[in-house]
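Student: Pasting a structure here, questions to come.
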Amino acid sequence: MHFYSAPFFLRPVAACVLVVAATAAPAARAAEPFAIEDIRVEGLQRTDPGTVFASLPFRASDTYTDDKGAAALRALFATGLFKDVRIEIDGKVVVVIVEERSIIANVSFVGLKEFDTDTLTKALKDSGIGEGLPFDRALVDRAEQEIKRQYLTKSLYGAEVSTTITPLERNRVNVVFTMNEGESAKIREIRIVGNKAFSESTLLGLMGRSTGGWLTWYTKTDRYSRSELNADLETIRAYYTNRGYLEFDIESTQVTISPDKQDIGITISVREGQPYTVTAVRLEGDYLGREDDFKRFVSIKPGDPYRSADVAATSKAFADLFGQFGYAFARTDARPEIDRAAGQVVVVLSADPQRRVYVRRINVAGNDRTRDEVVRREFRQLESAWYDGDRIKLSRDRVDRLGFFKEVNIETDEVPNSADQVDLTIKVVEKPTGNLLVGAGYSSSDKLSFTASIKQENVFGSGNYLGIEVNTSQSNRNLVLSTVDPYFTVDGISRAIDVFYRTSSPINSRGEEYKLVTPGAAIRFGVPFSDFDTVFFGAGFEQTRISGVVTNKSYKDYRELYGANSTALPLTIGWARDQRDSLLAPTRGRFQRVNLEWSVAGDVKYLRANLQFQQYIPITNRFTLGLNAELGWGKGLGDKPYPIFKNFYGGGLGSVRVFQQGSLGTVDVTNNYIGGNRRLNLNGELYVPVPGSGNDKTLRLFGFMDAGNVWGENEKIKADSLRASVGVGLSWISPVGPLKLSWGTPIKSDPKDRIEKFQFQIGTAF
């Protein structure tokens, strides 16, 4: 909630002070100047006499004049502590008679629901209405009107606000604001008139405001908001101007409200004009002798309909290109030359580079928790260097990709009295960087499986990562402690350390209780080769112990070959490229990852590879298709078999849903699930908005189709051996974190498969 600053409210008061002072001045009888023998103050109850004496322009033994008396009145009124001030002369004694304003003892609210009490209290105090401040009826009345105005922004048109002033002893008052908020007015009808080229339903579908639906209790899209309506009007305007309607105009917007102030009707009158086709694009102005370079960035194509988005994209590209050459304040104006008779337009791009500048200073603002150096080390624009638009944009993107901030913006300010210097201010809005993730699945056989992790991506504002992962189910238990220093070296080489303790009880049907216990540690370094690409390499140590009575042939054979305890010293190398537009709700972009693990020493020698590919495709601005493919492969080295504890497993979250975690793959002669050395996962998800939620990407439905399996070393990979499932789900970025629910059914399975139809995952931030 926003309130006007104190000066806004106090302006009338200041005027009153001057008027009262002017009228009160005659109260001081015209007197001949005299030497003041004494000064007496009368009427004080709470105010310290020193406050009065400090405001007087004269002291004892000074010469009193009428001008000094008028100045004293103005000064005392200006303190805001007094309702009335008079000066009387008693011989050679100046008597100052005051009537104090009441002091506000308490400010309270009755019936307040829509706004936060603490926020409202602070806003009122900033405006001059708060505990311990002088009471001023004019300020209270203005605050009352401002609160009513704020209710209007919430579509509470029937809201009533009244103020009760209760006198207390010692000239104090209580101020009570009583709110009768009523019910929010709802949009019952939206009409668009004057449209011919596009249907009313098409245009209404572009708007965020709506006439209601079964989810509007959550989205609140049926509440009227002038700012939201203006945004919808601009969306409609962009829709037309991107389809050739250069002269499209919104002639009027009428908003009506019912007598009971509960129903709102909106009528939008538009004038479409005619569509125009671009016949030519002409460059005018100063292009620094690089017209050919600029022409490559022209998105406007002759023969295509006029599109305002292409014009804006071209102007921005020109500004960015000028920025590369150091011209921070370059302007490019697009001027259409219209031929209405022919329905054609020539787009003239006029450029003015203005002056070249360099960056004097780079400032960071808004980082209350994050250290300055964490932001600064991502900058590629340097201080005292020529302004470079590409480096500045790259710097902003790198800071944004840290994941520590909700918003990242860069402002360019001219340096006073300097024609060739600018200051850059990067303004950030911090977000919670801690994350608690909880996941669970349920099946009739294994009942409940549980996963949890806690991580902090920005420990103590240092930019370092610290995480603890716990994963427990009937068959697997993992405890992993991880830490990452993204700037282990000043060049941006990262260092990650993992310490883990894993126990695995392979799924079997004979009730055997044996475990694979694997403690170990690993260190990994990441070397960035571009803004999207990182190469990883590292080394680790693992010890695997098979405990319990083992009759399972596969594990029994492994223990006979390697012993109950075996060690491995794996080296790792990998590559990752992440070009997704979002980590929580991606709508476009690609993610690729390759990881290779090679055990070169110890009892066990093997090669293990994992490849992953993700692609997000925006079908429309509301529908998104997500594709994922993951391939795993492993092989033993030195004429020894691939170690069984390095097998891949399939099924469950992150694999083939509907099938229980780790239950896919090879089943040995004793009906034990032992995984395999090869794995394939294929996943497809179609995200759609929840009906009635508009285009809210925080709440989406999705349909999924998963396929995959795990194969042993001696098995052939066949299409008919794949397991597959389909289902639906709900994805919601809730106030407590990301929530994902899914329910599905197998479409290709085996009687031995363990089915887990319902799965969910929820996270919360702190």
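Student: For the subset of region 471-505 comprising residues that are outside any strand (DSSP E or B) and surrounded by fewer than 17 Cβ atoms within 10 Å (Cβ to Cβ), which member is modelled with the lowest pLDDT?
Tutor: So, considering only residues that are outside any strand (DSSP E or B) and surrounded by fewer than 17 Cβ atoms within 10 Å (Cβ to Cβ), the one modelled with the lowest pLDDT is 474.
Student: Also: Looking only at region 119-157, filter to residues that are among the basic types (Lys, Arg) and more than 14 Å from residue 173 (Cβ to Cβ); which one of those is farthest from the chain's Cα centre (by Cα)?
Tutor: The residue in question is 142.
Student: How many residues does region 610-659 contain that are surrounded by 15 or more Cβ atoms within 10 Å (Cβ to Cβ), of a type in the set (Val, Ile, Thr) and farther than 22 Å from residue 708 by Cα?
Tutor: The qualifying residues number 1.
Student: Here is a further query. Which condition breaks for residue 261 when tested against (1) without any contact (Cβ under 8 Å) to a residue 60 or more places away in the chain; (2) of a type outside the set (S, T, N, Q); (3) surrounded by 15 or more Cβ atoms within 10 Å (Cβ to Cβ)?
Tutor: Unmet condition: (1).
Student: Condition first: at pLDDT 85 or above and aliphatic (A, V, I, L, M). Now tell me which residues in region 697-744 satisfy that.
Tutor: 701, 705, 707, 710, 722, 724, 726, 728, 730, listed by residue number.
Student: Can you give me the ranges of the strands (runs of 3 or more DSSP E) entirely in region 147-216 with at least 2 residues that are among the hydroxyl-bearing types (Ser, Thr, Tyr) and either over 30 Å from residue 233 (Cα atoms) or in contact (Cβ under 8 Å) with a residue 60 or more places away in the chain (or both)?
Tutor: 160-168
Student: Let me ask you something else. If I filter region 101-114 down to residues being of a type outside the set (Ser, Thr, Tyr) and surrounded by fewer than 19 Cβ atoms within 10 Å (Cβ to Cβ), which single residue comes out as nearest to the chain's Cα centre (by Cα)?
Tutor: Ranking the candidates gives 114 first.
So that you can scan it fast, the table gives a plain yes or no per residue for (1) part of a strand (DSSP E or B); (2) over 21 Å from residue 387 (Cβ atoms); (3) in contact with an Asp or Glu (Cβ under 6 Å, 6 or more places away or on another chain); (4) modelled with pLDDT of 90 or more:
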site	(1), (2), (3), (4)
301	no, yes, no, yes
311	no, yes, no, yes
315	no, no, no, yes
326	no, no, no, no
335	yes, yes, no, yes
347	yes, yes, no, yes
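Student: Next question. Does residue 345 meet the test of being over 25 Å from residue 309 (Cα atoms), surrounded by 16 or more Cβ atoms within 10 Å (Cβ to Cβ) and not small (Gly, Ala, Ser)?
Tutor: So residue 345 fails the test.
Let's see how each residue does on (1) more than 30 Å from residue 187 (Cβ to Cβ); (2) outside the structural domain of residue 342 (by TED's automatic domain parsing); (3) buried (at least 16 other Cβ atoms within 10 Å of the Cβ):
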| residue | (1), (2), (3) |
| --- | --- |
| 231 | no, yes, no |
| 237 | no, yes, yes |
| 253 | no, yes, no |
| 282 | yes, no, no |
| 286 | yes, no, no |
| 304 | yes, no, no |
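Student: Continuing with this model, one more query. Return yes when residue 222 is under 17 Å from residue 257 (Cα atoms) and within 25 Å of the chain's Cα centre (by Cα) and no when it is not.
Tutor: yes
Student: Would you pick out the residues in region 17-44 that are under 17 Å from residue 100 (Cα atoms), in contact with an Asp or Glu (Cβ under 9 Å, 6 or more places away or on another chain) and modelled with pLDDT under 50?
Tutor: 20, 24
Student: Which of the residues spanning region 127-139 are out of contact with any Gly (no Cβ under 9 Å at 6 or more places or on another chain) and either of a type in the set (Phe, Trp, Tyr) or surrounded by 21 or more Cβ atoms within 10 Å (Cβ to Cβ) (or both)?
Tutor: Selection gives 127, 129, 135.
Student: Which one is nearest to residue 455 (Cα to Cα), of the residues in region 409-425 that are among the hydroxyl-bearing types (Ser, Thr, Tyr) and assigned to a strand (DSSP E or B)?
Tutor: Ranking the qualifying residues of region 409-425, first place goes to 425.
Student: For a quick check of your reading of the model, give me the residue pairs whose first member lies in region 406-426 and is under 20 Å from residue 319 (Cα atoms) and in contact (Cβ under 8 Å) with a residue 24 or more places away in the chain, whose second is assigned to a loop (DSSP other than H, G, I, E, B) and of a type in the set (S, T, N, Q), with beta-carbon atoms closer than 8 Å and at least 6 apart or on different chains.
Tutor: Qualifying pairs under 8 Å: 424/381.
Student: Within region 391-408, which residues are part of a strand (DSSP E or B), surrounded by 15 or more Cβ atoms within 10 Å (Cβ to Cβ) and not aromatic (Phe, Trp, Tyr)?
Tutor: Result: 408, single match.
Student: Among the residues of region 45-88, which ones are within 23 Å of residue 134 (Cα to Cα) and touching an Asp or Glu at 6+ places or on another chain (Cβ under 7 Å)?
Tutor: Those that are within 23 Å of residue 134 (Cα to Cα) and touching an Asp or Glu at 6+ places or on another chain (Cβ under 7 Å): 45, 46, 47, 81, 82, 83, 84.
The values are calculated or read from the model by the stated rules, or taken from the named source; none is laboratory data. What you see is a predicted model, and the numbers here were worked out from it, not measured in a lab. Virtual Cβ from ideal backbone geometry, glycine too; neighbours counted across all protein chains shown.
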